[in-house]
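Reading through the structure tokens given below for one structure.
The values are calculated or read from the model by the stated rules, or taken from the named source; none is laboratory data. Just so we're clear, the structure is a prediction, and the values are computed from it rather than from any experiment. Cβ atoms come from the backbone with ideal geometry, glycine included; neighbour counts cover every protein chain shown. Note: areas computed on protein heavy atoms with side chains; ligands, DNA, RNA excluded. Shrake-Rupley method; radii C 1.70, N 1.55, O 1.52, S 1.80 Å.
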Amino acid sequence: MTKSLGLRAGILSVVLFVVLCAVWQIAVTPSASTGPALDPEYAKLMGISTAGAQSAMPGPLDVAGKLWDNLKRPFYDNGPNDKGLGLQLLYSIGRVAIGYALAVLVAVPIGFLIGMSPLAYRALDPFIQVLKPISPLAWMPLALYTIKDSSLSAIFVIFICSVWPMLINTAFGVGAVRKEWLNVARTLEVGPWRRAFTVILPAAAPTILTGMRISIGIAWLVIVAAEMLVGGTGIGYFVWNEWNNLSISNVIVGILLIGVVGMVLDLILARLQRRVTFPE
Amino acid sequence: MDTATNRMNERFISIEGIARRYPAPGGGTTTIFEDLWLAVARGEFVCVIGHSGCGKTSVLNILAGLEAPSEGVVVVDGQAIEGPSLDRAVIFQGHALLPWRSVIGNVGYAVSSRWRKASRAEIEERAKRFIDLVGLKGNELKKPAELSGGMRQRVGIARALSIEPKIMLMDEPFSALDALTRGTLQDEVRRICTSTGQTVFMITHDVDEAIYLADKIVLMTNGPQAMIAEVVENPLPKDRARDTIHREGDYYAVRNHLVDFLVARSKTFRDEMPAGYDQRKPPLVRPAGSLPVEPAAPERPVAKTIPFPSVAGGRD
């Protein structure tokens, strides 16, 4: 039954995709009967002929072609403004990985301490509540001024935006460990370190992983915007650069790949989350 | 020397004047119980019965070291309790297994906490032995979520037994189980505890459970200001069996005595305290079958046919 449901859903997805592409293709195909859409003078200025006027918006076939071109040679490097898409993605993923890893290293231990101590929780709560809603990009000028390196600033922005969900979830998860499990550890005379790793950490792991999953999503959203600002390398810069080149096909290819990579990152975290989740 | 050891064995657990107070909502304090004295001998199976709110669980938590008494001390085997200890294993009401660990993982966790330097193989071997003991052979690798309520409680019992505690503390261990499972688990606990001479301190709501399992039954009056009214010595023979227990001569005497207490005397004991009652030495009572035992307040007619659960329900 579930299998047939999955199959039907799959078929429906394919149908939707085909319909969407068809609508897209029809929308960008110029209609022959209405005659030249552009003023011939303007068209000449733009360097295109009015005969068989083409919309500036590419169709799905154009995009597919561009995508194929890009996938064929993902790692070429022809100088600062012409790098392969794979290379750009690797830059972005690298930045996210570094900033995110730093955030994990900071947020999980501190969240642990905050969760264990109601005093620390109360004392730090106002800071967290104020810092959490700040748009990560608002830190950018400050980061550029203090760090003075655009690439490091981008990493800092990733760090600062991933830290809060993990911090809050870790503190919450650690604070919400069931008292009876802690009592089990107490009656077995388990020391504080062993208790932290064998009772509190596994008990809080699902909540911590939820925070990590939220964080990776935010980090991937933010890196694109940050790279548009900072420039140089990365998928965000690629999209912005192709916009300056007026290559809408490449912009769409970039958008698609941002979506795919974001999905893969989320899937990885979802799988990790499932591994630490326990049924009760 | 001999008499000293004897005394030590007779007062293996010695509760000496403990009190439990909470700050009352409107200022001041609420006293759940105070000046509580009780001695439990080595190898004895003691059940505490009393209505909700009389502080039974507090007494057990103090014995476990999970709570500190507001006053007084508890001495176990010559040493005052200062916190939780591996010498006192607790079987919790809600099994309290670690759900991310398998059956053997849960029991092994206790074993490795007791013997820190034991090798992995030794730990597993020991854990397996106790899993076998409670009849869960073949379920070692299952997670608690895959087990029934009775099986989970068995794991809890295996975990408690595996660390060879001096005392087992049980907080209504079977109250969440259905009647059939409860019966078989009571049989298991009785078999294991009588064969090993385990000292047990158990809280229960169930009169029949107390009669079947306990050597002594401690009756607590209603809280707040609860006290130990008396200690009932179970007159039934040691080798009693579940299916014939109701034919034992003293069965109804002791059962009626307990039900009477819960229905009536637990409320009125404080006002009708028998002459010569001493909190430090709660009277030891032994209901006997031949004589109709009417311990206190004989003028009060008591409906002896009311089954205990409905009484408990009516009171709440």
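Annotations
- Long-range amide H partners of B:PHE12 with built H, under 5 Å: B:VAL40, B:ALA41, B:ARG42
- Comparing A:TRP220, A:PHE75, A:ALA204 along the charge dipole axis of chain A, the residue lying farthest to the positive side is A:ALA204, per the Cβ-charge model.
- Choice from B:GLU44, B:GLU188, B:GLU122 with maximal GNM fluctuation in chain B (Cα, 10 Å cutoff): B:GLU122
- Region A:72-202, dipole about Cα centre (Lys/Arg Cβ +1, Asp/Glu Cβ -1), debye to the nearest 20: 220 debye
- Rounded to 10°, Cα long-axis angle of helix B:179-196 versus longest principal axis of chain B: 80 degrees
- Here the Gaussian network model covers chain B, with springs between Cα atoms less than 10 Å apart; of B:ARG159, B:ARG88, B:ARG286, B:ARG286 fluctuates the most.
- Which listed pairs, of A:LYS66/A:LYS148; A:LYS179/B:LYS117; B:LYS142/B:LYS238; B:LYS117/B:LYS238, have C-alpha distances above 31 Å, in listed order: A:LYS66/A:LYS148; B:LYS142/B:LYS238; B:LYS117/B:LYS238
- Cα centroids of region A:171-227 and region A:96-160: 17 Å apart.
- Per-selection Kirkwood Rh - the protein assembly as shown (Cα, Å, 1 d.p.): 30.2 Å
- Taking every DSSP beta bridge that has both ends in the protein assembly as shown, the antiparallel portion is near 50%.
- Alpha-carbon centroids, region B:26-98 and region A:55-74: separation in whole Å: 75 Å
- Phi angles across region B:278-283 convert, under the Karplus curve 6.51 cos²θ - 1.76 cosθ + 1.60 with θ = phi - 60°, into 3J(HN,Hα) values of 10, 4, 6, 9, x, x Hz, Gly and Pro given as x.
- With a 10 Å cut-off around each Cβ of B:96-104, the average count of Cβ atoms from other chains is 5.
- Unit Cα scatterers, Debye sum, chain B: log10 I(q)/I(0) for q = 0.06, 0.07, 0.08 Å⁻¹: -0.21, -0.29, -0.38
- Here the dipole of the protein assembly as shown is about 940 debye; that uses its Cα centre as origin and unit charges on the Cβ of Lys and Arg (positive) and Asp and Glu (negative).
- Listed residues A:ARG73, A:ARG213 arranged by accessible area, highest first, probe 1.4 Å: A:ARG73, A:ARG213
- Cα pair distances exceeding 27 angstrom across region A:62-276, given as percent: 42 percent
- Between the listed residues A:ALA185, A:ALA138, A:VAL239, the Cα displaced farthest toward the positive end of the dipole of region A:62-276, a dipole computed from Cβ unit charges relative to the Cα centre, is found at A:ALA185.
- Highest-fluctuation residue, A:ALA22, A:ALA204, A:ALA64 considered, GNM on chain A with Cα pairs under 10 Å: A:ALA22
- Charge dipole of the protein assembly as shown about the Cα centre (unit charges at C-beta), most positive-ward option of A:LEU5, B:SER113, B:VAL59: A:LEU5
- Shape call, region B:58-211: gyration tensor on alpha carbons, a/c limit 1.5: oblate
- Placing unit charges on the Cβ atoms only, positive for Lys and Arg and negative for Asp and Glu, gives chain A a dipole magnitude near 1120 debye about its Cα centre.
- Degrees separating the helix A:118-131 axis from the principal Cα axis of chain A, which is the longest one: 20 degrees
- Phi angles of region B:263-270 translate, via the Karplus equation with coefficients 6.51, -1.76, 1.60 and θ = phi - 60°, into HN-Hα couplings of 6, 10, 5, 4, 7, 9, 4, 4 Hz per residue; Gly and Pro are given as x.
- Mean partner shielding of peptide A:185-197, defined as the number of other chain Cβ atoms within 10 Å of each residue Cβ, is 5.
- Under the combined filter of DSSP loop state and at most 16 neighbouring Cβ atoms within 10 Å, region A:53-159 retains these trypsin sites (Lys or Arg not before Pro): A:LYS148.
- Here the relative contact order of region A:62-276, from alpha carbon pairs under 8 Å that lie six or more residues apart, stands at 27 percent.
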